[in-house]
Amino acid sequence: MSYTDLFVLPVPNSKSAEYKDLAELSAQVWLDHGALSYVEYKADDVDPGKWTSFPQSVDLKDGEYVVVAIITYRSRAHRDEVNAKAMKDPRMACMDPKTMPFDGKRMFWGGFKQFAGTAPASPSIQPYLFFRGRCEEAIEFYRTTLGAEVGMVMRFSDNPDKPPSEAVSADLDNKIMHAEVRIAGTDLMMSDGMKSGPLDFQCMSLALSVQTEAEADRMFHALAKDGTIQMPIGPSFFSPRFGAVADKFGVSWMIMVPPKSDPAP
């Protein structure tokens, strides 16, 4: 069962581009801190009603439109945890009520817990990396360089259905069977695996999108330390900031800042 925050607010047409920038920044911050989804919708078919409606609920003025924002979480406790982290995020320093591109006094919001129906499951592909004995080192590296949030860590000795020694050597007991870290809102799964020898990640690359050029530069240079620069970071035709680098484990990363989208009409 999920939990949802819902916001309804009026946005002036004259501040549409400014508001969209704020919405995209907020979405990135909330997703980075663990929200399951963050979507904002511009009203399309919301005529005023006889008694109430979306326009009437925010006292909509001429030259404004209604926006509905929907953020989903695992639970109310998860919502509270994510919100606390997001509001302390330095990227949210711009959240001054006096300079917001909408009238906060006419905004309303609330939290809703699921009580009927089933949310559709979204198919997803998650990267799963095998570090051949260096997984614990990799977790700590990504925690310190990329700010990864460490979730589940299970060692082979923790396996409740431990296979016979002829199938899995006792030498693996203290190695990591499965781990999960969250980087920029995306879960990365990793393990030591059951093989040893040199690491080989040459046929894959992880694409990591961040909100600012400064953050892109910081992450790129942190990964490049003891790694290999494949393409220096800088402007490109598809991104204001893009670079490719293989970290010290040989994992290739493409660091980029998404291009600005056109403002809503």
Residue in region 108-117 that is touching a Pro at 6+ places or on another chain (Cβ under 7 Å) and surrounded by fewer than 16 Cβ atoms within 10 Å (Cβ to Cβ) present | no
Residues of region 104-120 being under 21 Å from GLU64 (Cβ atoms) and in contact with a strand residue (DSSP E or B) (Cβ under 6 Å, 6 or more places away or on another chain), in sequence order, are ARG106, MET107, PHE108, TRP109
Considering only region 1-106, give the strands (runs of 3 or more DSSP E) lying wholly within it that have at least 2 residues that are out of contact with any Leu (no Cβ under 7 Å at 6 or more places or on another chain) and on the phi > 0 side of the Ramachandran plot.
-> none
Could you tell me whether ALA167 is out of contact with any helix residue (DSSP H, G or I) (no Cβ under 9 Å at 6 or more places or on another chain) and either at pLDDT below 90 or among the aliphatic types (A, V, I, L, M) (or both)?
-> yes
Restricting region 29-82 to residues that are free of Cβ contacts under 8 Å to residues at least 60 places away in the same chain and touching a His at 6+ places or on another chain (Cβ under 9 Å), the one nearest to THR186 (Cα to Cα) turns out to be LEU36
Specify which of the listed residues (PHE54, PHE7) is within 30 Å of GLU149 (Cα to Cα), modelled with pLDDT of 95 or more and aromatic (Phe, Trp, Tyr).
-> PHE7
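The values are calculated or read from the model by the stated rules, or taken from the named source; none is laboratory data. Predicted model, so just to flag it, every value in this text is computed and none were measured. When we count neighbours, we look across all protein chains shown, and the Cβ atoms used for this are built from the backbone with ideal geometry, even at glycine.
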